[in-house]
1. Just to check your reading of the model, which residue among Gly77, Gly130 is in the same structural domain as Glu169 (by TED's automatic domain parsing) and either outside any loop (DSSP other than H, G, I, E, B) or closer than 24 Å to Leu242 by Cβ (or both)?
2. Outside the structural domain of Val190 (by TED's automatic domain parsing), within 20 Å of Gly210 (Cα to Cα) and not charged (D, E, K, R): does that describe Tyr157?
3. With the checklist (1) assigned to a helix (DSSP H, G or I); (2) in contact with a Leu (Cβ under 8 Å, 6 or more places away or on another chain); (3) free of Cβ contacts under 8 Å to residues at least 60 places away in the same chain in hand, flag the one item Val222 doesn't pass.
4. Being in a loop (DSSP other than H, G, I, E, B), modelled with pLDDT of 95 or more, closer than 20 Å to Met94 by Cα and in contact with an Asp or Glu (Cβ under 9 Å, 6 or more places away or on another chain), is that true of even one residue in the stretch 113-127?
5. Please go through the stretch 268-289 and give me each residue that is more than 21 Å from Leu56 (Cα to Cα) and in contact with a helix residue (DSSP H, G or I) (Cβ under 7 Å, 6 or more places away or on another chain), ordered by number.
6. Pairs needed: first member in the stretch 241-262, closer than 17 Å to Pro200 by Cα and touching a residue at least 40 places away in the same chain (Cβ under 8 Å); second member anywhere, surrounded by fewer than 24 Cβ atoms within 10 Å (Cβ to Cβ) and among the basic types (Lys, Arg); C-beta distance under 7 Å; at least 6 residues apart or different chains.
7. Please tell me if Pro200 is outside any helix (DSSP H, G or I) and within 21 Å of Asp25 (Cβ to Cβ).
Amino acid sequence: MTGTRCTEARAAFDDYLGVRSRLPDARFGHDWQVAQSLLEIADPFDLVLLDAYGVLNVGESAIPGAAAAIAALRAAGKAVAVVSNSAAYPKRVMMQRYARLGFDLSPGEVVTSREALLAHLTRAPRLRWGAMLSPEYGVEDFEDVDISFLGDDPADYEAAEGFLLVGSEGWTKARQARLEAALSKRARPVFVGNPDIVAPRETGLSREPGDYAHRLADATGVAPVFLGKPFDGIFSLALARLFPGLAPERVLMVGDTLHTDILGGCQMGFSTALVTDHGALVGLDPARAIRRSGIVPDFVIGSI
């Protein structure tokens, strides 16, 4: 593990600690159990929810053994689903990636924060939205939403009646400054389609829309609305789609990030398992991270 990756992980963890007051409250146990595999701890649960980045894949690469772990869970009679803060591209593209990486998942078994954002928009006032989002896929999934892509023209920021922070690819310091200036001049709604501060990629940790949203809140005092883990909307969407009426204690949430996956699962009343070998905590001492955050999973495993 490179020193750069460890430095990135420490910085990201400190950033999560710094925004804890904006995240949900939850009750935690006092200790955790170390396990060798996910199948070892899955017996009490009917539904296993898996984070994507850091659990199934790192960027465009599958984590070795992850597809086999899903198959083993299914063979043991468990329902399996992915709950991901991946919002930057359409569900169609996400499913193509999973197929390419060897994961046997149906669209109904994948719930994303992009979907949580779209569901929220159906209940929100119809506004002219400026979007932090690459135009690569056009307005796919957003056909019923009035959006324009935020770039380098200050007029786009002025004209927007609200802002959607969906995908950070191509986002720059200059664009962030324009957004902060626009909101300082005139407060408007800000919806965040990906609350993650970082995501694990092959080359390190990328900075995600959640990072820019918290910076925006610090700079302007505007309170963003977050759609995705650790907030409850995405979990409620997953349960309604996959297993309506299932008791929370029959659900296990598995993820690599204490402040999104584990905190989110705990505030829903789920049991939680922290994965340590591939994601946000790589290079850090998990026990120390748990103590510093006060966010306590039920289980700690290296990989699923």
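1. Values: Gly77 fails: in the same structural domain as Glu169 (by TED's automatic domain parsing).
Criteria check complete, one pass: Gly130.
2. Details: outside the structural domain of Val190 (by TED's automatic domain parsing): no; within 20 Å of Gly210 (Cα to Cα): yes; not charged (D, E, K, R): yes.
Considered against the rule, which asks whether it is outside the structural domain of Val190 (by TED's automatic domain parsing), within 20 Å of Gly210 (Cα to Cα) and not charged (D, E, K, R), Tyr157 comes out as no.
3. All conditions are met except number (1).
4. Checking the stretch 113-127: not a single residue is in a loop (DSSP other than H, G, I, E, B), modelled with pLDDT of 95 or more, closer than 20 Å to Met94 by Cα and in contact with an Asp or Glu (Cβ under 9 Å, 6 or more places away or on another chain).
5. Across the stretch 268-289, the qualifying residues are Met268, Gly269, Ala289.
6. none
7. Numbers: outside any helix (DSSP H, G or I): yes; within 21 Å of Asp25 (Cβ to Cβ): no.
Criteria not met by Pro200.
A quick yes/no check of all residues on (1) crowded, with 20+ Cβ neighbours inside 10 Å; (2) modelled with pLDDT of 95 or more; (3) touching a strand residue (DSSP E or B) at 6+ places or on another chain (Cβ under 9 Å); (4) in a loop (DSSP other than H, G, I, E, B):
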position: Met1; (1), (2), (3), (4): no, no, no, yes
position: Thr4; (1), (2), (3), (4): no, no, yes, no
position: Arg10; (1), (2), (3), (4): no, no, no, no
position: Ser21; (1), (2), (3), (4): no, yes, no, no
position: His30; (1), (2), (3), (4): no, no, no, yes
position: Pro44; (1), (2), (3), (4): no, yes, yes, yes
position: Val48; (1), (2), (3), (4): yes, yes, yes, no
position: Pro64; (1), (2), (3), (4): no, yes, no, yes
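The values are calculated or read from the model by the stated rules, or taken from the named source; none is laboratory data. No experiment lies behind these values; they were computed from the predicted model shown. Every residue, glycine as well, gets a Cβ built from its backbone with ideal geometry; the counts of neighbours run over all protein chains shown.
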